[in-house]
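Chemist: Take this structure, written in structure tokens, and hold onto it; I'll ask about it next.
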Amino acid sequence: MGADQNHDWAKLAASALEWWRDAGVDVLVGDAPFDWLAPVEPAAPLAFAGSLAAPASAPAPEPASLPDTREAFATWRLGDEAPEARWGGVAIAASGPQDAELMVLVDCPERDDRETLLEGETGRLFDRMLAAIGRSRADTALASVCARRPTTGRVPRDIADRLGEITRHHVALAAPKRLLAMGDAASRALLAMSVADARGRTHMINHKQGRITHVVATHHPRFLLDRPAAKAETWKDLLMLTGEIAS
């Protein structure tokens, strides 16, 4: 899960500036004052069962037969017992450092993904989004609800609940400080609500041993390529993720 730590900072800066321009950022500071030291008041924590966090309105049972270590889970996720084992296409593992403070969750591999999630044009936009908040794939964990791409490109309804359990178990094992859920399928798997309902506030997931994950939902880069005007909304979500604006 390692990555090349050498960066071309000039290219990263140019990429971040390009993202800011597309998102409609045209000033360095706003007119209204903001108390940067004021504590953020996130939404109420989600309830959890064991290591599995789930919304209080829809508590989920403890998932059966899921490995309880990251290493074992990573092997199981791509093995024959996973729900998508019999699907066609390439199984793509989660990537990024195990101790990443930021985790990004998407629905499934893109049509052209072969080795990592979010390759191609969608991945280039994703990389610009990370650069805009001072991040890169080298310090970000990236995972998907589906390890393989469904035939329709959408998470099948008949196993959506099971995939949601697996996703929440994965997040509980990783326990990142912050998580960005990109797209409806990722938001529903983790928060049991659509992006439209989840946006605009920070959600909290409590894990064992007092660890907490702050979750922000936003649009998938795939959606932003089709609707560039939504980049302004996503930029606000990214600022909320980093704590630069209050939820």
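Chemist: For residue 223 paired with residue 72, estimate the spin-label separation in nm (one decimal), with each label point 7 Å from Cα along the Cα-to-Cβ line.
Modeler: In this crude label model, residue 223 to residue 72 measures out at 3.6 nm.
Chemist: Please list, short to long, the whole-number percent of alpha-carbon pairs of segment 77-179 in consecutive 5 angstrom bins beginning at zero.
Modeler: Binned Cα distances yield the sequence 2, 13, 23, 25, 19, 13, 4, 1.
Chemist: Ok, one more. Normalised by the empirical 2.2 N^0.38 Å for globular proteins, what value does the Cα Rg of segment 149-207 take?
Modeler: Normalised by 2.2 N^0.38 Å, the Cα Rg of segment 149-207 equals 1.14.
Chemist: Right, next: At R0 = 30 Å, how high is the FRET efficiency between residue 124 and residue 98 if r is their beta carbon distance? Nearest 0.05 is fine.
Modeler: 0.75
Chemist: Could you estimate the translational diffusion coefficient of segment 179-247 from the Stokes-Einstein equation, with Rh from the Kirkwood formula over C-alpha pairs, at 20 °C and 1.002 mPa s, in whole µm²/s?
Modeler: Rounded to a whole number, D works out at 175 µm²/s.
Chemist: Any idea how far apart residue 111 and residue 246 come out in nm if each label point goes 7 Å out from Cα toward Cβ?
Modeler: Those two pseudo-labels are separated by 4.5 nm.
Chemist: Okay, moving on. Could you tell me which of rounded, prolate or oblate describes segment 125-169, using a ≥ b ≥ c as the square roots of the eigenvalues of the alpha-carbon gyration tensor, with rounded for a/c under 1.5 and, failing that, prolate when a/b is larger than b/c and oblate otherwise?
Modeler: Prolate is the answer for segment 125-169, as a/c is 1.5 or above and a/b outweighs b/c.
Chemist: Quick check on the exposure proxy: order 87, 235 from fewest to most C-beta atoms within 10 angstrom.
Modeler: 87, 235
Chemist: Mind grabbing the base-10 log of I(q)/I(0) for segment 106-231 at q = 0.10, 0.14 Å⁻¹? Debye formula, identical points on the C-alpha positions, no solvent, two decimal places.
Modeler: -0.30, -0.61
Read the figures in this text as sums done on the coordinates, not as results from a lab. Just so we're clear, the structure is a prediction, and the values are computed from it rather than from any experiment. A quick note on method: Cβ atoms are made from the backbone with ideal geometry, for glycine too, and the neighbour counts reach across all protein chains shown.
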